[in-house]
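Reading through the structure tokens given below for one structure.
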Amino acid sequence: MRLNLAPMATGIWKSIVTFTLFGLIVFSCTTASKSSLLQDETVGLVGITKLKPGENNIHLEDFFLQPEKIDSIRFSEENIFEFSPDKKTLSFVASDKWPVLTKLVCFIKGEAYTILLQKSRKLKHTLVFDPAGKHFEKVQVKGSMNDWNPANGKLDFADGKWQINLHLNPGKYHYQFVVDGEAILDPNNPVKEDNNIGGFNSVLMVGEDKTLERPHLQSTSYTEDEIYLASSTNSEEIIALWQNYELTGEQVQHKNDEIVIRIPREATKLKRSWIRLFSFNDGGLGNDLLIPLEYGKVVGSVGQLDRFDKETSILYFMMVDRFNNGNSDNDKKVDDPEVHERANYYGGDLAGIIQKLEEGYFEKLGINTIWLSPIVQNTWNAYTEFPEPHRKFTGYHGYWPISLNRIDKRFGTDEELHKLVGLAHEKGMNVILDFVSNHVHQESQLYQNHPEWVTPVDLPDGTKNIRLWDEQRLTTWFDTFLPTLDHEKPEVRNLVSDSALYWIEKFDLDGFRHDATKHIPEIYWQILTKKLRRQVVEKTGKRLYQVGETFGGRELIGSYVSSGMLDGQFDFNLYWDVRSVFVNDNEPFGKLNNSILETFDYYGCNHLMGNVSGNHDMPRFISFAGKALAFDEDSQEAGWSRDIKVEDPVGYKKLASMLAFTLTIPGVPVIYYGDEFGTPGAGDPDNRRPMRFDNLSEDELKTREITSKLVQLRKANLPLLFGDFNELLVTDDSYAYYRSYFGEVVLVAFNKNSEEIIIEVELPFEFKEGSLENQFGHEFSIDGNKLTITLPGNSFEVMSGITNE
């Protein structure tokens, strides 16, 4: 085998020569010069790769367009690894003695690209069920640690007890035992929590909370060519990257308790580039910082940002059929007396969205990214759902495709989609499309011509493989008429990914929301992302945003978020806790704070996860907050049996607080149409009511005004886009945190009590005199670093100011 290898040289780390099973010799190289850094062999910013305990396979195509160009690689830790002949896969065994972050450096034409590898955080925990002398045939556990799938939680009987060894990340897990088919709480664990659906779960805590021991980086100031940082605790190491190149030597210095980062000169040649900073110590990985540069200078004004900065995205999701009817000529309901009106087409279309763009609705609200529900051609007929009570529905929602590349005639034309996207771009907005890769409708030509391209609907035991969301995650059908595509077949994943690419290339769309992400093998997402990079990103420089939908634990959700797959997914686990805390008077803010810290542990502090206000699969937030809907009832049946309204106006206050949280934390805010003013709704399809633009109540108008102001505040304040996150106060009824970016600070405080409270916090800094402003008019006072805020019941305040240097 002929191989081109980089010459051996003395590096800044110990040189390692490793003979692999493939016969490849790998040498360490000197730190590359920065003479040709603009010829970047990577696409986008390479995120941290999370390692598994033991053997790992790193797919280098996730990071490099042409991994075959790699001359050599180097680890910051001594290790024996295998490099595949095509240079696409690197295999090695991770050691538990490695530091929190290990550097994998890949050399191409003398340039060094650094990939950060995070050591697994998993700990062994033995979960025990004591039968107390009773006989049972089978005991299983289901919970957030195994995505509530008891098939993956079988306990073994030994020494009079049932046991299972689990390997889990530190954190909190809800669970139940399944004893001979019956789900019960752990009888030997008194700790339990409300599951928000009328019951309780047992709670398992794994590991110690070392949050306060970890380093916390904060940006303090900058000059033309230097960035100054502070760290709250000692860091074992601070890693600074410009793009995907590590900054070393004089580029990263410690001066008088400050960390000084020298901006590379090469950055002056790029309009947008990024400095990223990571730190760790024995307590674990600290927060990460993301600092945007414009032609080599720190971005100091939101006016320098545009729609191509996907980190600043604020999404608005509308169901096309239910949003606005702009062209009644294309209206075509399914003529079937068995179909209820709310399960049929209403007439919303692309022309209706264009109309609202022209009227300025989205601009007034402040959002900068429109997410369209699927617009591909769906069946013209109605079908009966598999589960009882077997109601009949149409494909008004767009998720029953009979084509992957034609616009549904009821929604509009190619010309209208071109016009919609062009108009949005003129107004500085992006448009992303909801794309269905998991399944097709049985009427589709794809299924008719290739019935062998789908997964089996009948399981070996005779069970129908329908809606077995967790037990048959990668093969289950959504209904009898919705065959799941078998993406293990190369011809299937190539055809579907080409269809997705078609929409981006033809209509200049800015990304995708991907339906049913967890039900599709990872290889499909890798192939799709690789095609998008090569055919769109590399050729045009356009930064696409891909966000997925997965209901499950954070580990499962995060497994699809990486440099080679999706930018983010919707953070439903955080949303459940947001909903629980802001709706239920007895749920403490500590639950919410712990949840957001867990989000940072899984996805990083500058993640692109979607923070939703709700969506089309869940009852409306305000229906719970306004006391029209209870957590322990069947929300779907409630929508069919009664008119769900806002029974208590306190719901609008709670909705406003929820939106204030969603719009001020790290991540990508996502507003579901109607949530901006509080439209009610139970389960599907009641949560998909026609959008209302006029005749809003006084409470609805006020809520929409608050939402718009929150959105505008996010867009106008760099701390809410790139600032670090710091909690100041966490009690049962009050919560306060701030985000900072080079001396600019936005502070947010909440009161979930029904009575007025006074919040007092000591700040780790002082504001410049007269700079602190209360955006929502609540009374406050500042004395040095002591801040006092008076908050009425169920309210919040957002404050902005500048600190003394």
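Computed values, structure above
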| read-out | value |
| --- | --- |
| Alpha-carbon centroids, segment 424-447 and segment 738-779: separation in whole Å | 42 |
| Karplus 3J(HN,Hα) series, Hz, for segment 443-458 with 6.51 cos²θ - 1.76 cosθ + 1.60 (x for Gly, Pro) | 7, 5, 5, 4, 6, 4, 7, 9, x, 7, 8, 10, 7, x, 8, 10 |
| Extension gain, His425 back to Leu701 (0.36 nm per residue minus Cα-Cα distance, nm) | 96.6 nm |
| Accessible area per residue in Å² at 1.4 Å probe, computed on the chain | 41 |
| Long pairs among Lys333/Lys627; Lys161/Lys210; Lys52/Lys88, criterion Cα-Cα beyond 29 Å | Lys333/Lys627; Lys161/Lys210 |
| Charge dipole (debye, nearest 20) of the chain; +1 at Cβ of Lys and Arg, -1 at Cβ of Asp and Glu | 2000 |
| Rounded Å value of the spacing that divides the Cα centres of segment 592-662 and segment 150-170 | 33 |
| Length released on extending from Glu415 to Val650, taking residue separation times 0.36 nm less the Cα-Cα span | 80.1 nm |
| Ellipticity estimate at 222 nm from DSSP helix runs (n ≥ 4, -39,500 (n - 2.57)) divided over the chain, nearest 500 | -5500 deg cm²/dmol |
| Pair Lys464, Leu501: separation of 7 Å Cα→Cβ label points (nm) | 3.8 |
| Estimated dipole of segment 489-609 in Debye, rounded to 20 [Cβ of Lys and Arg +1, of Asp and Glu -1, Cα centre] | 560 |
| Cα→Cβ-extended label distance, 7 Å offset, between Glu250 and Ser328, nm | 7.4 |
| Per-bin percent of Cα-Cα distances, segment 63-113 [5 Å] | 4, 18, 30, 24, 15, 8, 1 |
| Where the Cα pairs of segment 204-282 fall when distances are cut into 5 Å bins, in % | 3, 13, 24, 23, 15, 9, 6, 4, 2, 1, 0 |
| Rounded if a/c under 1.5, otherwise prolate or oblate - the chain, Cα gyration tensor axes | rounded |
| Linear extension gain, Asp282 paired with Thr480, 0.36 nm per residue minus alpha-carbon span | 66.0 nm |
| Enclosed volume per residue, in Å³, of the convex hull spanned by Cα atoms of segment 335-441 | 120 |
| Inter-probe distance in nm under a simple model that places probes 7 Å from Cα toward Cβ, at Glu213 and Ser91 | 3.6 |
| Using a Förster distance of 56 Å, the FRET efficiency for Ser221-Asp130 (Cβ separation, nearest 0.05) | 0.45 |
| Whether segment 630-769 is rounded, prolate or oblate, judged on the alpha carbon gyration tensor where a/c under 1.5 counts as rounded | prolate |
| Gyration tensor (alpha-carbon) shape descriptor, segment 690-755, a/c threshold 1.5 | oblate |
| Kirkwood Rh in Å, taken over segment 522-617 so that all alpha-carbon pairs contribute | 14.7 |
| Protection proxy ranking, peptides 288-296, 501-509, average beta carbon neighbours within 10 Å, highest first | 288-296, 501-509 |
| Test item: Cα-centred dipole of segment 265-360, Lys/Arg +1 and Asp/Glu -1 on Cβ, debye | 780 |
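The values are calculated or read from the model by the stated rules, or taken from the named source; none is laboratory data. Predicted model, so just to flag it, every value in this text is computed and none were measured. Quick reminder, even Gly has a Cβ in these numbers, built from the backbone with ideal geometry, and neighbours come from all protein chains shown. When the accessible area is computed, the model is the full protein with side chains, heavy atoms only, and any ligands, DNA or RNA have been set aside. Shrake-Rupley method; radii C 1.70, N 1.55, O 1.52, S 1.80 Å.
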